[in-house]
1. Which of the trypsin sites (Lys or Arg not before Pro) across segment 145-213 are loop residues per DSSP, with 15 or fewer other Cβ within 10 Å?
2. Mind listing the phi-derived Karplus ³J(HN,Hα) values for segment 126-143, rounded to whole Hz, using 6.51, -1.76 and 1.60 with θ = phi - 60°, and x for any glycine or proline?
3. If you take the beta carbon distance between Arg159 and Thr320 as r and set R0 to 30 Å, what does 1/(1 + (r/R0)^6) give as a FRET efficiency, to the nearest 0.05?
4. Excluding Arg260 itself, calculate the net charge of residues whose Cβ lies under 11 Å from the Cβ of Arg260, where each Lys or Arg counts +1 and each Asp or Glu counts -1.
5. Ignoring everything but the protein chains, give the 1.4 Å probe accessible area of Asp312 in square angstrom, nearest 10.
6. Take every Cα pair under 8 Å in segment 119-214 that's 6+ residues apart, average their separations, divide by the length, and report that relative contact order as a whole percent.
7. Can you check what the net charge comes to around Gln78, using other residues whose Cβ is under 15 Å from the Cβ of Gln78 (Lys, Arg +1; Asp, Glu -1)?
8. If you add up the charges near Arg162, with Lys and Arg at +1 and Asp and Glu at -1, over every other residue whose beta carbon is less than 10 angstrom from its beta carbon, what do you get?
Amino acid sequence: MTDLPHIPVLLAEVLASLHLGAGPAAVIDGTFGAGGYTRAILAADPRNRVLAIDRDPTAIAAGQSLVAEAGGRLVLVQGRFGDLDAIARDHGFAEADGVVLDIGVSSMQLDQAERGFSFRFDGPLDMRMERAGESAADLVNEASEAALADVIYHYGEERRARAVARALIEARRRARIETTAALAEVVAGVVRTEPGSGIHPATRTFQALRIAVNDELGELQRALHAAERTLRPGGRLAVVTFHSLEDRIVKQFFSARSGRAVAASRHLPMASQPAPRSFTLATKGPVTAGEAEAYANPRARSAKLRAGERTDGPAPPPLTVLETLASLPETQTRGGRR
(Lines give C-alpha, C1' and ligand atoms only; values in the text may rest on other atoms or scores of the structure.)
Protein backbone atom coordinates (compact mmCIF):
# COMPACT_ATOMS: atom_id res chain seq x y z
CA MET A 1 0.00 0.00 0.00
CA THR A 2 1.23 3.52 -0.79
CA ASP A 3 1.54 6.36 1.67
CA LEU A 4 -1.19 8.30 -0.10
CA PRO A 5 -3.96 7.62 2.45
CA HIS A 6 -1.82 9.24 5.15
CA ILE A 7 -1.42 12.60 3.41
CA PRO A 8 -3.58 15.17 5.26
CA VAL A 9 -5.34 17.48 2.83
CA LEU A 10 -4.52 21.23 2.90
CA LEU A 11 -2.20 20.68 5.87
CA ALA A 12 -0.25 23.94 5.61
CA GLU A 13 -3.43 25.92 5.00
CA VAL A 14 -5.20 24.31 7.97
CA LEU A 15 -2.28 25.06 10.31
CA ALA A 16 -2.17 28.66 9.08
CA SER A 17 -5.91 29.09 9.55
CA LEU A 18 -5.73 27.81 13.14
CA HIS A 19 -3.26 30.64 13.86
CA LEU A 20 -1.89 28.94 16.96
CA GLY A 21 0.84 31.52 17.51
CA ALA A 22 3.94 31.13 19.65
CA GLY A 23 2.34 30.01 22.90
CA PRO A 24 1.15 26.56 23.97
CA ALA A 25 -2.19 25.61 22.42
CA ALA A 26 -4.98 23.19 23.30
CA VAL A 27 -6.49 21.94 20.05
CA ILE A 28 -9.31 19.51 19.28
CA ASP A 29 -8.95 17.33 16.18
CA GLY A 30 -12.51 16.13 15.72
CA THR A 31 -11.66 13.72 12.90
CA PHE A 32 -8.42 11.99 13.87
CA GLY A 33 -8.28 9.46 11.00
CA ALA A 34 -4.64 8.61 10.37
CA GLY A 35 -3.53 11.44 12.65
CA GLY A 36 -2.08 13.78 10.04
CA TYR A 37 -3.37 17.06 11.49
CA THR A 38 -2.81 15.92 15.07
CA ARG A 39 0.82 14.98 14.38
CA ALA A 40 1.48 18.35 12.71
CA ILE A 41 -0.11 20.32 15.57
CA LEU A 42 1.95 18.44 18.15
CA ALA A 43 5.12 19.02 16.08
CA ALA A 44 4.43 22.75 15.75
CA ASP A 45 5.21 23.39 19.43
CA PRO A 46 6.43 20.95 22.10
CA ARG A 47 3.92 22.48 24.53
CA ASN A 48 0.84 21.94 22.33
CA ARG A 49 -1.80 19.47 23.49
CA VAL A 50 -4.38 17.73 21.31
CA LEU A 51 -7.67 16.06 22.08
CA ALA A 52 -8.32 13.80 19.07
CA ILE A 53 -11.71 12.21 18.40
CA ASP A 54 -12.76 9.53 15.93
CA ARG A 55 -15.87 7.36 15.75
CA ASP A 56 -14.00 4.55 13.97
CA PRO A 57 -12.51 2.00 16.41
CA THR A 58 -9.94 1.03 13.77
CA ALA A 59 -8.55 4.59 13.76
CA ILE A 60 -8.41 4.61 17.56
CA ALA A 61 -6.45 1.36 17.63
CA ALA A 62 -4.04 2.54 14.94
CA GLY A 63 -3.46 5.83 16.77
CA GLN A 64 -2.16 4.31 19.99
CA SER A 65 1.43 4.49 18.78
CA LEU A 66 1.10 8.25 18.33
CA VAL A 67 -0.43 8.54 21.80
CA ALA A 68 2.66 6.82 23.22
CA GLU A 69 4.99 8.95 21.11
CA ALA A 70 3.32 12.19 22.25
CA GLY A 71 4.30 11.66 25.87
CA GLY A 72 1.05 12.76 27.49
CA ARG A 73 0.25 15.58 25.07
CA LEU A 74 -2.34 13.58 23.10
CA VAL A 75 -5.67 12.28 24.36
CA LEU A 76 -7.36 9.98 21.82
CA VAL A 77 -11.06 9.26 22.33
CA GLN A 78 -13.54 7.15 20.41
CA GLY A 79 -16.66 9.24 19.89
CA ARG A 80 -18.58 11.46 17.52
CA PHE A 81 -17.41 14.97 16.76
CA GLY A 82 -21.00 16.13 17.19
CA ASP A 83 -20.37 15.54 20.91
CA LEU A 84 -16.98 17.27 20.99
CA ASP A 85 -18.08 19.87 23.56
CA ALA A 86 -19.02 17.18 26.08
CA ILE A 87 -15.89 15.16 25.26
CA ALA A 88 -13.78 18.31 25.65
CA ARG A 89 -15.22 19.03 29.10
CA ASP A 90 -14.53 15.46 30.19
CA HIS A 91 -10.87 15.67 29.16
CA GLY A 92 -9.81 19.17 30.21
CA PHE A 93 -10.25 20.97 26.87
CA ALA A 94 -13.32 23.04 27.81
CA GLU A 95 -11.80 26.25 26.37
CA ALA A 96 -9.91 25.19 23.28
CA ASP A 97 -7.60 27.35 21.22
CA GLY A 98 -8.54 25.57 18.00
CA VAL A 99 -10.82 22.95 16.48
CA VAL A 100 -10.16 21.22 13.17
CA LEU A 101 -12.65 19.04 11.29
CA ASP A 102 -11.91 17.02 8.14
CA ILE A 103 -15.36 15.90 7.01
CA GLY A 104 -16.47 12.66 5.37
CA VAL A 105 -14.93 9.26 4.80
CA SER A 106 -11.18 8.80 5.12
CA SER A 107 -8.91 7.43 2.43
CA MET A 108 -8.03 4.56 4.75
CA GLN A 109 -11.68 3.57 5.03
CA LEU A 110 -12.13 3.75 1.26
CA ASP A 111 -9.10 1.53 0.73
CA GLN A 112 -10.30 -1.24 3.06
CA ALA A 113 -12.57 -3.55 1.04
CA GLU A 114 -14.04 -5.10 4.17
CA ARG A 115 -15.47 -1.71 5.25
CA GLY A 116 -17.72 -1.56 2.18
CA PHE A 117 -17.33 2.16 1.48
CA SER A 118 -16.10 1.91 -2.12
CA PHE A 119 -17.09 0.24 -5.38
CA ARG A 120 -13.39 0.02 -6.29
CA PHE A 121 -13.13 -3.18 -4.26
CA ASP A 122 -15.71 -5.91 -3.80
CA GLY A 123 -16.63 -6.33 -0.15
CA PRO A 124 -19.58 -6.49 2.22
CA LEU A 125 -22.01 -3.59 1.80
CA ASP A 126 -21.37 -2.06 5.21
CA MET A 127 -20.30 1.64 5.28
CA ARG A 128 -20.65 1.96 9.08
CA MET A 129 -17.94 4.18 10.50
CA GLU A 130 -18.52 2.84 14.01
CA ARG A 131 -19.03 -0.76 12.85
CA ALA A 132 -22.34 -0.76 14.72
CA GLY A 133 -25.98 -0.07 13.92
CA GLU A 134 -27.78 -0.16 10.58
CA SER A 135 -25.55 -0.97 7.62
CA ALA A 136 -25.87 0.12 4.01
CA ALA A 137 -27.04 -3.42 3.20
CA ASP A 138 -29.84 -3.06 5.75
CA LEU A 139 -30.92 0.23 4.20
CA VAL A 140 -30.76 -1.01 0.60
CA ASN A 141 -32.65 -4.21 1.35
CA GLU A 142 -35.27 -2.91 3.78
CA ALA A 143 -36.15 0.67 2.83
CA SER A 144 -39.15 1.40 0.64
CA GLU A 145 -38.65 2.48 -2.95
CA ALA A 146 -39.75 6.02 -2.11
CA ALA A 147 -37.40 6.26 0.86
CA LEU A 148 -34.45 4.99 -1.19
CA ALA A 149 -35.20 7.52 -3.92
CA ASP A 150 -35.33 10.31 -1.32
CA VAL A 151 -31.98 9.35 0.19
CA ILE A 152 -30.24 8.95 -3.17
CA TYR A 153 -31.65 12.19 -4.55
CA HIS A 154 -31.07 14.44 -1.54
CA TYR A 155 -27.82 13.00 -0.18
CA GLY A 156 -26.31 11.91 -3.51
CA GLU A 157 -27.76 14.65 -5.74
CA GLU A 158 -28.40 11.84 -8.23
CA ARG A 159 -30.85 12.94 -10.93
CA ARG A 160 -31.70 9.33 -11.72
CA ALA A 161 -32.58 8.56 -8.10
CA ARG A 162 -36.04 7.16 -8.83
CA ALA A 163 -34.70 4.88 -11.53
CA VAL A 164 -31.95 3.67 -9.20
CA ALA A 165 -34.47 3.00 -6.43
CA ARG A 166 -36.71 1.02 -8.79
CA ALA A 167 -33.74 -1.02 -9.97
CA LEU A 168 -32.70 -1.78 -6.39
CA ILE A 169 -36.20 -2.98 -5.50
CA GLU A 170 -36.27 -5.26 -8.55
CA ALA A 171 -32.80 -6.64 -7.80
CA ARG A 172 -33.50 -7.39 -4.15
CA ARG A 173 -36.65 -9.33 -5.08
CA ARG A 174 -34.32 -11.84 -6.69
CA ALA A 175 -31.71 -11.83 -3.91
CA ARG A 176 -30.48 -9.56 -1.12
CA ILE A 177 -27.91 -7.00 -2.22
CA GLU A 178 -25.03 -7.78 0.13
CA THR A 179 -21.84 -6.59 -1.60
CA THR A 180 -20.44 -3.38 -3.01
CA ALA A 181 -19.99 -5.02 -6.42
CA ALA A 182 -23.63 -6.10 -6.52
CA LEU A 183 -24.82 -2.60 -5.66
CA ALA A 184 -22.51 -0.96 -8.20
CA GLU A 185 -23.70 -3.33 -10.91
CA VAL A 186 -27.37 -2.50 -10.29
CA VAL A 187 -26.72 1.24 -10.34
CA ALA A 188 -24.56 1.06 -13.47
CA GLY A 189 -27.48 -0.57 -15.24
CA VAL A 190 -29.58 2.61 -15.01
CA VAL A 191 -27.09 5.49 -14.62
CA ARG A 192 -24.86 6.64 -17.44
CA THR A 193 -21.87 8.94 -17.15
CA GLU A 194 -20.12 10.99 -19.77
CA PRO A 195 -17.41 9.03 -21.62
CA GLY A 196 -13.98 10.03 -20.35
CA SER A 197 -15.36 11.70 -17.21
CA GLY A 198 -13.68 9.14 -14.96
CA ILE A 199 -16.73 9.16 -12.68
CA HIS A 200 -18.26 5.77 -11.90
CA PRO A 201 -22.06 5.61 -12.34
CA ALA A 202 -22.49 4.48 -8.72
CA THR A 203 -20.49 7.34 -7.16
CA ARG A 204 -23.47 9.44 -6.09
CA THR A 205 -25.48 6.47 -4.83
CA PHE A 206 -22.59 5.26 -2.67
CA GLN A 207 -22.16 8.78 -1.27
CA ALA A 208 -25.87 9.02 -0.45
CA LEU A 209 -26.01 5.69 1.36
CA ARG A 210 -22.84 6.45 3.34
CA ILE A 211 -24.20 9.82 4.45
CA ALA A 212 -27.52 8.28 5.48
CA VAL A 213 -26.01 5.32 7.35
CA ASN A 214 -23.66 7.55 9.37
CA ASP A 215 -25.87 10.66 9.65
CA GLU A 216 -22.86 12.59 8.40
CA LEU A 217 -24.60 15.89 7.76
CA GLY A 218 -26.40 15.78 11.09
CA GLU A 219 -23.10 15.14 12.85
CA LEU A 220 -21.49 18.02 10.94
CA GLN A 221 -24.05 20.61 11.98
CA ARG A 222 -23.92 19.39 15.58
CA ALA A 223 -20.11 19.57 15.50
CA LEU A 224 -20.13 23.17 14.28
CA HIS A 225 -22.35 24.21 17.17
CA ALA A 226 -20.32 22.13 19.63
CA ALA A 227 -17.10 23.79 18.47
CA GLU A 228 -18.74 27.19 18.88
CA ARG A 229 -19.54 26.35 22.52
CA THR A 230 -16.02 25.03 23.17
CA LEU A 231 -13.68 27.59 21.62
CA ARG A 232 -12.30 30.40 23.75
CA PRO A 233 -12.54 33.98 22.41
CA GLY A 234 -9.91 34.25 19.69
CA GLY A 235 -9.90 30.49 19.11
CA ARG A 236 -10.16 29.24 15.55
CA LEU A 237 -12.41 26.68 13.85
CA ALA A 238 -11.08 25.17 10.60
CA VAL A 239 -13.29 22.86 8.53
CA VAL A 240 -12.31 20.92 5.40
CA THR A 241 -15.15 19.60 3.23
CA PHE A 242 -15.18 17.47 0.10
CA HIS A 243 -18.57 17.89 -1.54
CA SER A 244 -21.25 20.54 -1.95
CA LEU A 245 -23.64 19.23 0.72
CA GLU A 246 -20.97 19.53 3.42
CA ASP A 247 -19.63 22.85 2.18
CA ARG A 248 -23.13 24.36 2.01
CA ILE A 249 -23.69 23.68 5.71
CA VAL A 250 -20.28 25.07 6.73
CA LYS A 251 -20.70 28.14 4.51
CA GLN A 252 -24.14 28.90 5.94
CA PHE A 253 -22.88 28.42 9.49
CA PHE A 254 -20.02 30.88 9.13
CA SER A 255 -22.22 33.30 7.19
CA ALA A 256 -24.89 33.36 9.87
CA ARG A 257 -22.47 33.41 12.80
CA SER A 258 -20.42 36.25 11.31
CA GLY A 259 -23.50 38.50 11.19
CA ARG A 260 -24.76 37.86 7.69
CA ALA A 261 -28.26 36.69 6.85
CA VAL A 262 -28.53 33.17 5.46
CA ALA A 263 -29.47 33.50 1.80
CA ALA A 264 -32.50 31.69 0.43
CA SER A 265 -31.92 28.95 -2.14
CA ARG A 266 -33.65 25.89 -3.56
CA HIS A 267 -32.14 23.95 -0.66
CA LEU A 268 -33.23 26.55 1.89
CA PRO A 269 -36.29 28.48 0.59
CA MET A 270 -36.63 30.73 3.63
CA ALA A 271 -33.80 33.15 4.38
CA SER A 272 -32.95 33.84 8.02
CA GLN A 273 -32.13 37.07 9.79
CA PRO A 274 -28.58 37.64 11.03
CA ALA A 275 -27.87 36.68 14.65
CA PRO A 276 -25.32 38.24 17.05
CA ARG A 277 -21.79 37.52 15.87
CA SER A 278 -20.04 34.57 17.46
CA PHE A 279 -17.39 34.31 14.70
CA THR A 280 -15.43 36.53 12.38
CA LEU A 281 -14.33 35.02 9.08
CA ALA A 282 -10.70 33.90 8.97
CA THR A 283 -10.82 32.94 5.29
CA LYS A 284 -12.27 34.92 2.41
CA GLY A 285 -14.30 32.24 0.71
CA PRO A 286 -13.09 28.65 0.46
CA VAL A 287 -9.38 27.85 0.37
CA THR A 288 -8.59 25.13 -2.19
CA ALA A 289 -5.56 23.02 -2.96
CA GLY A 290 -2.82 24.30 -5.20
CA GLU A 291 -1.94 22.60 -8.45
CA ALA A 292 0.97 20.65 -6.96
CA GLU A 293 -1.06 19.22 -4.06
CA ALA A 294 -4.01 18.35 -6.29
CA TYR A 295 -1.65 16.46 -8.60
CA ALA A 296 0.11 14.64 -5.76
CA ASN A 297 -3.06 13.86 -3.77
CA PRO A 298 -6.22 13.40 -5.89
CA ARG A 299 -8.44 13.63 -2.79
CA ALA A 300 -7.37 17.27 -2.41
CA ARG A 301 -8.94 18.29 -5.72
CA SER A 302 -12.42 18.66 -4.24
CA ALA A 303 -11.33 19.91 -0.81
CA LYS A 304 -12.50 23.29 0.51
CA LEU A 305 -11.27 24.89 3.72
CA ARG A 306 -13.31 27.48 5.59
CA ALA A 307 -12.28 28.97 8.94
CA GLY A 308 -13.53 31.41 11.52
CA GLU A 309 -12.33 33.06 14.73
CA ARG A 310 -14.47 32.97 17.85
CA THR A 311 -15.61 36.31 19.22
CA ASP A 312 -16.21 36.99 22.92
CA GLY A 313 -19.97 36.87 22.37
CA PRO A 314 -22.06 34.06 23.85
CA ALA A 315 -22.90 31.07 21.67
CA PRO A 316 -26.39 31.66 20.22
CA PRO A 317 -28.94 28.82 20.01
CA PRO A 318 -28.29 26.25 17.27
CA LEU A 319 -29.29 27.30 13.77
CA THR A 320 -32.45 25.48 12.70
CA VAL A 321 -31.56 26.21 9.08
CA LEU A 322 -28.56 23.89 9.41
CA GLU A 323 -30.79 21.12 10.73
CA THR A 324 -32.93 21.61 7.63
CA LEU A 325 -29.91 21.39 5.32
CA ALA A 326 -28.70 18.24 7.09
CA SER A 327 -32.02 16.39 6.95
CA LEU A 328 -34.34 14.88 4.39
CA PRO A 329 -37.54 16.91 3.89
CA GLU A 330 -39.97 16.40 6.78
CA THR A 331 -42.55 14.71 4.56
CA GLN A 332 -40.10 11.88 3.88
CA THR A 333 -39.35 9.05 6.27
CA ARG A 334 -36.96 6.17 6.31
CA GLY A 335 -37.44 2.58 5.36
CA GLY A 336 -40.32 0.32 4.58
CA ARG A 337 -41.57 1.95 7.74
CA ARG A 338 -42.75 4.83 5.56
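The values are calculated or read from the model by the stated rules, or taken from the named source; none is laboratory data. Note that the structure is a prediction, hence the values are computed from the model and not measured. Methodologically, a virtual Cβ is constructed for each residue, glycine included, from the backbone with ideal geometry; neighbour enumeration extends over all protein chains shown. Please note that ligands, DNA and RNA were not included when accessible areas were found on the heavy atoms of the full protein model with its side chains. Shrake-Rupley method; radii C 1.70, N 1.55, O 1.52, S 1.80 Å.
1. Counting only loop positions with at most 15 other Cβ atoms within 10 Å, the trypsin sites (Lys or Arg not before Pro) in segment 145-213 are Arg159, Arg176, Arg192.
2. Computed from phi, the couplings for segment 126-143 are 10, 6, 7, 5, 8, 6, 8, x, 5, 8, 5, 5, 4, 5, 5, 8, 10, 6 Hz.
3. 0.60
4. Cβ neighbours under 11 Å give a net charge of +3.
5. Approximately 130 Å² of Asp312 is accessible to the 1.4 Å probe.
6. 39
7. Result for the local shell: -3.
8. 0
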